[in-house]
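Please find one structure pasted underneath; my questions will follow.
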Amino acid sequence: MTEKTVKMKVFGMTCDDCALTVTRGLKGKDGVLDAKVSLADKSAVVRIDEGKVKPFELEALPVFSGKSQYRAQVRE
Amino acid sequence: MKREYDLVIIGRGAAAFSAAIKASEITSGQASIAMVGFGHLGGTCVNVGCVPSKYLIEASKMLFDQRNPRYPGIAPVAAEPNLKDLMGSLRDAVEGEREAKYEDVIRQYDNIDIVEGKATFKDGNEISVSGNAHNIRGYNFIIATGSSTTVPDIEGLGEAAYLTSDNIWDLDDVPGRLAVVGGGAIGLELGQAFSRLGSEVHVVEALPSILPQAEPEISTRLMESLAKEGIEFIMKARVLRVSTGKVIDIVTAEGRKELKVDAILMATGRAPNVSGLNLEAAGVKYSRKGIWVDSNMRTSNPRIYAAGDVVDQRLMLETLAAREGVIAATNIYEHANQSVNMMAVPWAVFTEPQLASVGFTEKEFTNANGGCSCRSLDLKSVPKARILREEDGLFKIVVDPRNDRIVGVHALSPYAAELIMEGVCAIQHGLTINDVLMSSHVFPTVSEGIKLTAQSFIRDISKMSCCME
């Protein structure tokens, strides 16, 4: 397993429920080991197994696309 | 002003505004955006392009129609223009549009900062801005710096105080004799407007035809129509020098010609604003024709996009710029891979008659595909045109013979810029001639010309009764 920590900018969160929804959306992806989402900073710190998921794949998760109100960019 | 933004947009015209607003919408207003630029907000179109030119065109049309009523029994009115008042109202209209559609709009977005100054890339993540002590960092950039008028290097022209589409709006008097150098859209529109306001207009064009991108039979008809109004066309001509007293020395295939005028309008094209951006530092490829982008508006630096006139592309249009701004913002935040269908982007020349076009010309489609199916229809065949007593014009539809799909629609007629939308919808949605035939049109309208041209693919329209479907 190749563990990596990814920092993301998350747009569209307005309340604690949003942060929870984004957290669930991230953790639901195979290869995501943990996700800490900050409503205040509009960001997420995500630990991933790079063998299973690439950082930029996180931006295209269902929670960040389609009719979802959230969008995200991998920053580091 | 912050020192770091999610999105830095360089420019403040149609592409920049569309991109900023779309990025704000997608991110629920949470993307921090800097819009960096100088000059009036709104860019070319509202300040020195479409808005003032269409205002002047409509005013000159009113004067022309008063002097030249089309119907027997309506006497001409000997009206004289007061250009100072007209241009004053034009400038007020421009200011009003700029305020309503740009200044008031941008104030409603708390996440967008307007930064005054000229941007220069330091690297792919940072710009300096003239007059600002601090550099600005951005995660993404959209370059939307637009275009500027270009004027060829002609001996004596600099001393002749020539006009361009940037400063013609400051005129207080109608020039007695006006030379328009350039037979493109700007030269023809302003040439006709000033002709109707009272100038003796001479259009000097280097090519053998005006509007070389148009269907040749349509541009030829437009030139004939404008010539009938009194505009002189000097074709295949090059301005050698301009002497004191605005004497223009022209060389043509027939020899040398001298033209003494009171004003010179240089309508010789526009060039993308790439200089001074230091695009090399950002790894953005460009040429004198503009910035290279892929079909998703992404430059050679994947975090930097470009939109509008600054892009290396065939058309310079406000609507195209605005669409590209939206697409750039959408692709940045949505990974949507959206692109523009350039063949469904219409363009128009607001002369009278108007010329409007979308998609392939006959020659373009034939060259690309080995053949096409085309029909042309004289405007005289359209009942509404006869009612309007406006018979100078032509419709042409280009069809892919393999599937009957419409791939080009071209019109020279009253309201052509309005009715071309039927062609846009047809091409955008892959409609066939039969789809047009199966759609009822209002009678009597000029847009019935599209239907009649479509009908000419299946029958001799001289053997049709009125409104036959």
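The values are calculated or read from the model by the stated rules, or taken from the named source; none is laboratory data. All figures in this text were calculated on a predicted structure; none of them were measured in a lab. When we count neighbours, we look across all protein chains shown, and the Cβ atoms used for this are built from the backbone with ideal geometry, even at glycine. Just the protein is used for accessible areas: all its heavy atoms, side chains included, with ligands, DNA and RNA removed. Shrake-Rupley method; radii C 1.70, N 1.55, O 1.52, S 1.80 Å.
Which whole-number percent gives the relative contact order of chain B, counting Cα pairs below 8 Å spaced six or more residues apart?
Numbers: 1000 pairs, mean separation 69.6, N = 469.
Relative contact order for chain B comes out at 15 percent.
If you don't mind, another one. Hey, if we sort B:L317, B:L178 by accessible area with the 1.4 Å probe, largest down, what's the order?
Details: B:L317 40, B:L178 0 Å².
Ranking B:L317, B:L178 by accessible area, largest first, yields B:L317, B:L178.
So, one more: Tell me the Kirkwood hydrodynamic radius of the protein assembly as shown in angstroms, computed as one over the mean inverse distance between distinct C-alpha pairs. Spell out each step's value before the answer.
Numbers: mean 1/r = 0.0382 Å⁻¹.
Averaging 1/r across every pair of different Cα atoms and inverting gives 26.2 Å.
Restricting to Cα pairs below 8 Å that are 6+ residues apart, what does the relative contact order work out to for the range B:8-96? Please round to a whole percent.
Numbers: 69 pairs, mean separation 22.3, N = 89.
Reported as a whole number, the value is 25 percent.
Let me ask something else about it. Based only on the alpha carbon positions, what is the Kirkwood hydrodynamic radius of chain B, in angstrom? Please list the in-between numbers first.
On the way: mean 1/r = 0.0416 Å⁻¹.
Every distinct Cα pair counted, the radius reaches 24.0 Å.
How are the Cα pair distances of the range A:3-74 distributed, in percent, across 10 Å bins from 0?
Binned Cα distances yield the sequence 23, 61, 16, 0.
Counting only heavy atoms of the protein chains, get the accessible area per residue of the range B:158-268 (1.4 Å probe) and round it to a whole Å² value. Don't jump to the answer; show the numbers that get you there.
Working: 4560 Å² over 111 residues.
Value returned for the range B:158-268: 41 Å² of accessible area per residue.
Here's another thing I want to ask about it. Figure the gain on full extension for B:S243 and B:R107 (residue separation times 0.36 nm, minus the Cα-Cα span) and round it to one decimal in nm.
Numbers: separation 136, 0.36 × 136 = 48.96 nm, distance 4.89 nm.
Full extension of this stretch gives 44.1 nm more.
Quickly estimate the mean residue ellipticity at 222 nm for chain B, helices only: each DSSP H run with n ≥ 4 gives -39500 (n - 2.57), and the total goes over all residues, rounded to 500. Please list the in-between numbers first.
On the way: 13 runs with 140 residues, N = 469.
Helices in chain B give a 222 nm mean residue ellipticity of -9000 deg cm²/dmol.
For a test of understanding, tell me how many lysine pairs in the range B:344-463 have Cα atoms under 22 Å apart, given they are 8 or more places apart or on different chains.
Going through the range B:344-463 pair by pair, I get 10.
Sticking with this one: Working from Cα positions, state the angle (0 to 90°, nearest 10) between the long axis of helix A:16-27 and the longest principal axis of chain A.
Relative to chain A, helix A:16-27 is tipped by roughly 20 degrees.
Still on this structure, I have one more. At 1.4 Å probe size, what's the solvent-accessible area of B:T366? Round to the nearest 10 Å².
50 Å²
May I pose another question? Can you give the charge dipole size of the protein assembly as shown about its Cα centre, rounded to the nearest 20 debye, using +1 on the beta carbon of Lys and Arg and -1 on the beta carbon of Asp and Glu? It would help to have the intermediate numbers written out before the result.
Numbers: 61 positive and 70 negative charges, 214 e Å.
So the dipole magnitude of the protein assembly as shown works out to roughly 1020 debye.
Among bridges DSSP assigns within the range B:167-261, what percent are antiparallel (round to 5)? Display every interim value, and only then the final one.
Numbers: 11 of 19 bridges.
In the range B:167-261, approximately 60 percent of DSSP beta bridges are antiparallel ones.
Is the range B:321-451 rounded, prolate or oblate when judged by the Cα gyration tensor, a ≥ b ≥ c being the square roots of its eigenvalues, rounded requiring a/c under 1.5 and prolate requiring a/b larger than b/c? The partial results should precede the final answer.
Details: a/c = 2.06, a/b = 1.53, b/c = 1.34.
Note, shape of the range B:321-451 comes out prolate.
Give me the percent of accessible area attributable to carbon and sulfur for the range B:1-110, probe 1.4 angstrom. It would help to have the intermediate numbers written out before the result.
Details: 2750 of 5230 Å².
The C+S portion of the solvent-accessible surface of the range B:1-110 is 53 percent.
Give the residue from B:Y109, B:V436, B:V94 lying farthest towards the positive end of the charge dipole for chain B; charges sit on Cβ (+1 for Lys and Arg, -1 for Asp and Glu) and the dipole is referred to the Cα centre.
B:V436
Divide by every residue of chain A the summed helix terms, -39500 (n - 2.57) for each DSSP H run of at least 4, and state the resulting mean residue ellipticity at 222 nm, rounded to the nearest 500 deg cm²/dmol. Show your work: numbers first, answer last.
Working: 1 runs with 12 residues, N = 76.
Calculated at 222 nm, the ellipticity per residue is -5000 deg cm²/dmol.
Where a Cα-Cα gap under 15 Å defines reach, which aspartates and glutamates qualify for B:K257, not counting those fewer than 8 residues away within the same chain?
B:E205, B:E232, B:D249
Normalised by the number of residues in the range B:90-174, what is the relative contact order in percent for Cα pairs under 8 Å and 6+ residues apart?
Details: 40 pairs, mean separation 13.8, N = 85.
16 percent.
Taking every DSSP beta bridge with both residues inside the protein assembly as shown, roughly what % is antiparallel (nearest 5)?
On the way: 63 of 96 bridges.
If we restrict to bridges inside the protein assembly as shown, about 65 percent are antiparallel.
Starting from the range B:85-147, pick out the trypsin sites (Lys or Arg not before Pro) whose DSSP state is loop and whose Cβ has at most 13 other Cβ atoms within 10 Å. Let's see the in-between values first.
On the way: sites: B:R91, B:R98, B:K101, B:R107, B:K118, B:K122, B:R137; in loops: B:R107, B:K118.
Loop-located and lightly packed - B:R107.
If you don't mind, there's one more thing I want to ask. How far is the Cα center of the range A:36-71 from the Cα center of the range B:391-469, in Å?
So the two Cα centres are separated by 49 Å.
If you don't mind, there's one more thing I want to ask. Using DSSP, restrict attention to beta bridges with both residues in chain B and report what percent are antiparallel, rounded to the nearest 5.
Details: 46 of 79 bridges.
Here the antiparallel bridges make up roughly 60 percent for chain B.
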